[in-house]
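A short worksheet on the structure shown next.
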């Protein structure tokens, strides 16, 4: 693997797959747009971007028809599942939905679906075109976000199915953490999206199947506890957990949860996966330095 790694003295915090998000409401399903602050299309103004599709939102009747067709398909699937279940087979139920049915951002989720919103010469206009699934299909090329204690980085690499060890990172884009004004989780339909607002007022909407990993250390304060500040039993447990990971594991990241327990997380670059990014091995220990079983976790100990 040829991985992008932080500079000396900079700490790797997370790595997660990421692309521009995709519309889920029927009017904009499967679509995305790149807008200025007057809601004009700017994709042809973005420096170095190749041509891509130009979408038109569906009319209300067209969206209603598509929604009706989807409803019929779901109903038929439920009937088939019910029939199979009635025969005594070991058939699981329909997959649960994790997103929210109601949009609280109607203009940007239902009527339109911008994934870049940017005035001229603002940060969001510098994002790489490789994030766009229409211009760079994930079947052939993957993009990951890398979060450090100093910056947010986008890397990309050719994707080879079954070639987990063939990552060859290309640095596509980076910005200092100081340019990020806010990170907002967007749960409409999929609960995979995040809106990152920059200090110049521009923003982007990204999607990730590992959103929690993408956003955790952009949302949480970076209040890591030095190992030498822990009680001896806590430090021993944290170091023992780190030593059980891959040989290139970095020193453990330790944070105290609101309940008083400590989350210990260890990252090892060699375990990065093309599809999922970095798995982030972690454990939770109590004030006495004892690792908790999952059944003993407090609500605050679970990652959200």
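Derivation of every value follows stated rules applied to the coordinates shown; laboratory data play no part. Computed from a predicted structure; not experimentally measured.
Rounded if a/c is under 1.5, else prolate if a/b is larger than b/c, else oblate: which is the stretch 106-231, with a ≥ b ≥ c the root eigenvalues of its Cα gyration tensor? It is oblate, given that a/c is not under 1.5 and a/b is not larger than b/c. A full extension of the chain between residue 181 and residue 227 corresponds to an added length of 13.5 nm, given 0.36 nm per residue minus the alpha carbon distance. The three principal axes of the C-alpha atoms in the stretch 199-252 carry coordinate ranges of 46, 24, 16 Å, sorted with the longest axis first. Compared with the dominant Cα axis of the chain, that is its longest principal axis, helix 60-86 is turned about 60°. Per-residue ellipticity at 222 nm computed for the chain from its helices equals -5500 deg cm²/dmol, with DSSP H segments shorter than 4 residues left out and the rest contributing -39,500 (n - 2.57).
Taking Cα atoms only, the orientation of helix 232-243 departs from the longest principal axis of the chain by about 60 degrees.
Summary of the geometry: the stretch 238-303 and the stretch 174-232, compared by the centres of their Cα atoms, lie 19 Å apart. Comparing 267, 152, 294 in a Gaussian network model of the chain (Cα springs below 10 Å), the most mobile by mean-square fluctuation is 294. Here Rg and Dmax of the Cα atoms in Å was computed from the coordinates, and among (i) 21.9, 67; (ii) 17.6, 49; (iii) 22.8, 73 the match is (i).
Taking only Cα atoms and a 10 Å spring cutoff, compute GNM fluctuations for the chain and point out the largest among 114, 279, 53. Fluctuation is largest for 53. Classify the stretch 227-301: rounded, prolate or oblate, from the alpha-carbon gyration tensor (a ≥ b ≥ c, eigenvalue square roots; a/c under 1.5 rounded; otherwise prolate if a/b is larger than b/c)? Here the stretch 227-301 falls in the oblate category. For the stretch 1-38 versus the stretch 124-150, the inter-centroid distance based on Cα atoms is 5 Å. When the Gaussian network model of the chain links Cα atoms closer than 10 Å, the mean-square fluctuations of 22, 190, 56 top out at 56. Anisotropy class assigned to the stretch 111-176 is oblate, per the alpha carbon gyration tensor with a/c at or over the 1.5 cut-off and a/b no larger than b/c.
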